[in-house]
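Asker: I have a structure I would like to understand better, so I am pasting it below and will then ask my questions one at a time.
Just so it is clear, none of the values below were taken in a lab; they were calculated from the coordinates. All values reported here derive from a predicted model rather than from experimental measurement. Note that each Cβ is placed from the backbone with ideal geometry, even for glycine, and that neighbours are counted across all protein chains shown.
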Amino acid sequence: MAPRFRRPAPASLYGAGVSTFGTPSGPGDPDALFGLEEIRPGPPVPRPPGPSFRTSAEARRMLEVREIHAEPAAAASPRGREILARFPDAEVIPVGSHWRIPGLHGNPGNAGNWVRTKKTVLVLGERKSLTVRPNGRSADWIAPGAANGCAMACAYCYVPRRKGYANPVTVFTNIEQIIGRLGRHVAASGPKREPNQCDPRAWVYDIGENGDCSVDALISENTADLVHAFTRWPTAKASFATKFVNPDLLLLDPRGRTRVRFSVMPPEDARLLDIRTSPVEDRIAAAGDFVEAGYEVHFNFSPVVIRPGWEEAWSGLLRRMDDVLPRTVKEQAAAEVIMLTHNRELHEVNLAWHPRAEAALWRPEIQQPKRSENGSWNVRYATGVKAGAVEAVRRLVERHTPWLPIRYAF
């Protein structure tokens, strides 16, 4: 039997709702501008009286953590202690690496417990690689994420391919190192000289490539710390895509320096494929609140799944967006169009827990192999099929939501 941790006492300066990102040293301190000074505990994030959303029944349905696999250094860190205190009834199991957990990763038997694992298991680790990677599509740069994995269970998600049969949230507790690396990169990049499809003025950093920052915010203050950090970097902007509406994010005062990209698709597709996510109608309805709270709000049409009646379904979604979104959203919104990319290994996993989804996702008669950036083989719609579908989406957007520019489509 694996040894169990003795739970460390919560760090006295890192209670629930406390951001680790400090306040600037002063207006004349260049390190304060670019986040290079020592990270110090900041004041609690202002919250209205009463419980926050993370204590709600909806949040508990998303995460009911019973088992925490933790690297010892991560568990002993201030952020790790804060998280352990948030889930006092969970069993804590020490592991040598968040990437290699016996019985969790690489275990085909876990495919049948896909959703239960995502809901009840959490992993704590320290991020070793702090690489900032160029992107050029949705963002200028991909930031070193403060988490990976997800408590939601979208049937098409590419992230589970990397961990093998289980993909619960892994929280990286060394958030101060992640923010420090981003601060140095922002400082070295200087002002953005020319506009591009990512943003006309700011360097855009995707802070949630391998997870969902809205769900991560139910677990720790990592998302809050990143949002606060970007308010201090006038040449940069954070960005993340989400399928989960977390009202606690409305309290973070992003000051226009964080772009939330609500991922949407026709509700009938989402009910089949977007498992454990917020209803599409709720994501659309939340857009106005997020703009009012100081976020920039864009939309991801992701993924676009070709199936009988798909164009009519997307027409209905776009008409609804045009009907219900307020002027404040329409004046600043933009969209990304992302056609489905699938994977044979994920196809096999899905057959073990959600075979109905594969009838829509796995269509060899209109798909072709594609080598991914990491060297694995995926499948995507055949070139002619994909090009025709992208053009169809562009026409639908022009007809039903002419106020919505498409930043890129692939």
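Asker: Please work out whether the stretch 177-267 counts as rounded, prolate or oblate from its C-alpha gyration tensor, where a ≥ b ≥ c are the square roots of the eigenvalues and a/c under 1.5 means rounded, while otherwise a/b larger than b/c means prolate and anything else oblate?
Answerer: Details: a/c = 2.03, a/b = 1.37, b/c = 1.48.
In terms of gyration-tensor shape, oblate.
Asker: Right, next: So if I place +1 on the C-beta of Lys and Arg and -1 on the C-beta of Asp and Glu, and nothing else carries charge, what would the dipole magnitude of the chain be about its Cα centre? I want it in debye, nearest 20. The partial results should precede the final answer.
Answerer: Details: 54 positive and 45 negative charges, 140 e Å.
With only Lys, Arg, Asp and Glu charged at Cβ, the dipole is about 680 debye.
Asker: Arrange the peptides 128-136, 300-308 so that the one whose residues have, on average, the most other Cβ atoms within 10 Å appears first. Each step should come with its number before you reach the end.
Answerer: Numbers: 128-136: 12.1, 300-308: 18.7.
For the peptides 128-136, 300-308, the packing ranking is 300-308, 128-136.
Asker: So what is the relative contact order of the chain, in percent, for Cα pairs below 8 Å that sit 6 or more residues apart? Mind showing how you got there, number by number?
Answerer: Numbers: 794 pairs, mean separation 56.8, N = 410.
The value is 14 percent.
Asker: Go through Ala57, Ile93, Ser220 and say which Cα lies farthest out towards the positive end of the charge dipole of the chain; charges sit on Cβ, +1 for Lys and Arg, -1 for Asp and Glu.
Answerer: Ile93
Asker: Can you pull out the GluC sites (Glu not before Pro) in the stretch 357-390 whose DSSP state is coil and whose Cβ has at most 14 other Cβ atoms within 10 Å?
Answerer: Those that pass, being in a loop and sparsely packed, are Glu373.
Asker: Students often get this wrong, so try it: which of (1) 0.86; (2) 1.16; (3) 0.97 is Cα Rg over 2.2 N^0.38 Å as calculated from the structure shown?
Answerer: Computed from the coordinates, Cα Rg over 2.2 N^0.38 Å corresponds to (3).
Asker: Ignoring everything except DSSP H segments at least 4 long, calculate the 222 nm mean residue ellipticity for the chain; use -39,500 (n - 2.57) per segment, divide by total residues, nearest 500.
Answerer: On the way: 15 runs with 134 residues, N = 410.
Rounded to the nearest 500, the figure is -9000 deg cm²/dmol.
Asker: Restricting attention to the stretch 199-256, which trypsin sites (Lys or Arg not before Pro) occupy a DSSP loop and are surrounded by at most 15 other Cβ atoms within 10 Å? If you can, show how the numbers build up before the last one.
Answerer: Details: sites: Arg201, Arg232, Lys237, Lys243, Arg255; in loops: Arg201, Arg232, Lys243, Arg255.
Sites meeting the loop and neighbour criteria: Arg201, Arg255.
Asker: Check cross-link reach from Lys128 to the lysines: straight Cα distance under 17 Å, and skip same-chain residues fewer than eight apart.
Answerer: Lys163
Asker: For Asp322 and Leu130, what is the calculated FRET efficiency with R₀ set at 35 Å and r taken between the beta-carbons, to the nearest 0.05? Could you put the intermediate results ahead of the total?
Answerer: Numbers: r = 42 Å, r/R0 = 1.20.
The formula returns an efficiency of 0.25 here.
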